[in-house]
Structure formats: C-alpha cells, structure tokens
Amino acid sequence: MLEKTVFFRATTEANSMPKSAAEIIISGRSNVGKSSIINALCSQKNLARVSKTPGRTRSINIYSVSMGKWIIDLPGYGFARVSSQCKALWKNMIEECIIKRNSKKVIYTIIDAFVGPTELDFNVVKWISINSIPFKIIANKCDKVPKNISIDEIQSKIAEYFNIDKSNVFAVSAKLKNGFNKLQLDIIKFLDNSRSINAPPL
Ligand SMILES: Nc1nc2c(ncn2[C@@H]2O[C@H](COP(=O)(O)OP(=O)(O)OP(=O)(O)O)[C@@H](O)[C@H]2O)c(=O)[nH]1
Ligand SMILES: [Mg+2]
C-alpha cells in the first residue's frame with residue numbers, strides 16, 4: 001500500500017490545504033531523519049528530499065498514499081541557525097497544520113535514538129498531547145546506538161520518558177531500513193480504517 005505513495009503538493013499555507021480523509025504527520029527536530037523515514041516507509045529512494053544540512057524541509061510536504069490519505073513531512077523544529085522571525089512563521093504554520101485543521105490524524109514524532117529525547121522533543125510532544133492530538137514516537141538512527149543496548153531497552157526508556165505505552169514507540173534505522181514492518185502495519189491500519197475521499201485537483 002505505502003509503496004504507491006506519490007508526492008501531492010508542498011505548501012507553507014496550512015490554512016489553504018484541502019481536506020484529507022486521514023493523515024499521518026511526521027514531526028521532529030531538524031536532521032533527525034523525517035524525510036528518510038518517509039522514503040523507507042514507502043520503499044522509495046527519492047520520494048522525500050534527504051539532506052545532510054539541517055533545515056532542508058522548509059514547507060509542509062504532502063504525500064498521497066491513496067484517495068485523500070496522506071503522509072505529511074513537516075519542517076523540523078529546533079534548527080538554531082534561523083531567525084526569530086522564521087521561528088515564528090514556523091510556529092504559525094505548524095499550529096495551523098496540526099491544531100487548527102480539523103482532520104483525522106496521528107502525529108509520529110521522530111527522535112534520535114543515539115542522542116535520546118531532548119527537552120525540546122518533550123515540550124513539543126507535551127504541546128501535541130495538551131491539544132488532544134493522538135501521537136506516537138519513532139526512535140530513528142538506531143544503527144548508531146551501541147550494540148550492547150537492545151531495541152527493547154531503547155523503547156522502554158523512551159516510553160518511560162514520554163509516559164506512554166511501549167507499543168506506541170517504534171525503533172528504526174532509516175539508514176539500514178530496519179524496524180519498518182511494525183511501523184508500516186501501524187500506519188496502514190490507521191489509514192485503512194478511514195474512509196477514502198476523492199482527491200482534489202492537483
Ligand atoms: N546513521 C543514520 N543516519 C540517518 C538515518 N536516517 C537519516 N539519516 C541521515 O540524517 C541526515 C538527515 O536526514 P533527513 O531525512 O534529511 O532529516 P530531516 O529530519 O528530514 O531533516 P530536515 O528536513 O532538515 O528537518 C541525512 O544525512 C541522513 O542520511 C539513520 O537511520 N541512521
Ligand atoms: Mg526533511
């Protein structure tokens with residue numbers, strides 16, 4: 001199902017986004033691997049643009065899985081080298097996209113498994129949770145974690161940190177394409193349970 005995903009549109013105007021049937025939103029700090037995760041999830045190499053330079057994804061990029069069912073790649077947060085004006089614009093755009101649009105959604109916040117969850121991650125997740133938006137956590141870059149730390153340990157620590165059930169924490173490596181089966185099933189289940197709608201014109 002996810003391998004048929006295509007690019008739909010990019011926008012910085014969340015209030016002009018058409019209505020979706022259901023959406024998966026990928027959020028996380030700059031450079032944590034959001035775009036790489038979308039490529040790995042959809043078994044495609046160049047669907048989303050990956051970059052070594054943090055702050056690469058500047059717009060809300062919408063990918064269509066099928067009939068109004070989307071995966072959304074958000075610009076990363078916490079990129080230090082942007083002006084306060086840029087940060088304010090980012091905040092408005094994200095707020096508009098996540099909170100103000102009344103869509104059926106789940107947010108997957110990506111964290112770096114090697115660095116661990118940061119205070120900024122915690123605050124963003126808290127903000128999502130306060131706004132009653134369903135969320136899950138994906139720990140990426142598991143290939144960088146020392147081999148003596150198990151995937152189970154990584155998941156348990158993160159679940160404890162965010163005070164959520166371990167089943168809502170996924171551990172992957174977008175680089176090695178490891179750990180994606182469970183995550184793909186979770187996403188497909190959510191999208192399959194939503195009614196399709198005819199896509200608006202491109
Ligand atoms: N070691 C390792 N590197 C990864 C992994 N996933 C992504 N990267 C690298 O991390 C860097 C950032 O990846 P992106 O997918 O562009 O990250 P992003 O979160 O979309 O970044 P922004 O759009 O700038 O916010 C790239 O150099 C990727 O090759 C992973 O699982 N392991
Ligand atoms: Mg990106």
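Yes or no, residue by residue, for (1) within 16 Å of ligand 2 (Cβ to nearest atom); (2) touching a Lys or Arg at 6+ places or on another chain (Cβ under 9 Å); (3) within 26 Å of residue 70 (Cα to Cα); (4) in a helix (DSSP H, G or I):
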position: 143; (1), (2), (3), (4): no, yes, no, yes
position: 153; (1), (2), (3), (4): no, no, no, yes
position: 176; (1), (2), (3), (4): no, no, yes, no
position: 187; (1), (2), (3), (4): no, no, yes, yes
position: 197; (1), (2), (3), (4): no, yes, yes, no
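I need the full set of residues from segment 105-135 which are assigned to a loop (DSSP other than H, G, I, E, B) and either open to solvent by less than 50 Å² (accessible area, probe 1.4 Å) or within 22 Å of residue 91 (Cα to Cα) (or both), in order please.
The first filter runs over segment 105-135 and keeps only residues assigned to a loop (DSSP other than H, G, I, E, B), leaving 113-118, 131-134.
Matches in segment 105-135: 113, 116, 117, 118, 131, 132, 133, 134.
Could you check, for segment 78-90, whether at least one of its residues is touching a strand residue (DSSP E or B) at 6+ places or on another chain (Cβ under 7 Å), assigned to a helix (DSSP H, G or I) and farther than 24 Å from residue 9 by Cα? Scanning segment 78-90, I find no residue that is touching a strand residue (DSSP E or B) at 6+ places or on another chain (Cβ under 7 Å), assigned to a helix (DSSP H, G or I) and farther than 24 Å from residue 9 by Cα, so the answer is no. A count restricted to segment 136-166 and to residues that are β-branched (Val, Ile, Thr), more than 12 Å from residue 114 (Cα to Cα) and open to solvent by 20 Å² or more (accessible area, probe 1.4 Å) stands at 1. A single member of 109, 57 is at pLDDT below 95, within 13 Å of ligand 1 (Cβ to nearest atom), polar (S, T, N, Q) and touching a Lys or Arg at 6+ places or on another chain (Cβ under 8 Å), and it is 57.
The values are calculated or read from the model by the stated rules, or taken from the named source; none is laboratory data. Values in this document were obtained by computation on a predicted structure and should not be read as measured data. Please note: Cβ atoms are built from the backbone with ideal geometry, for glycine as well, and neighbour counts cover all protein chains shown. For the accessible areas, the whole protein counts, side chains as well, though only heavy atoms, and no ligand, DNA or RNA atoms are used. Shrake-Rupley method; radii C 1.70, N 1.55, O 1.52, S 1.80 Å.
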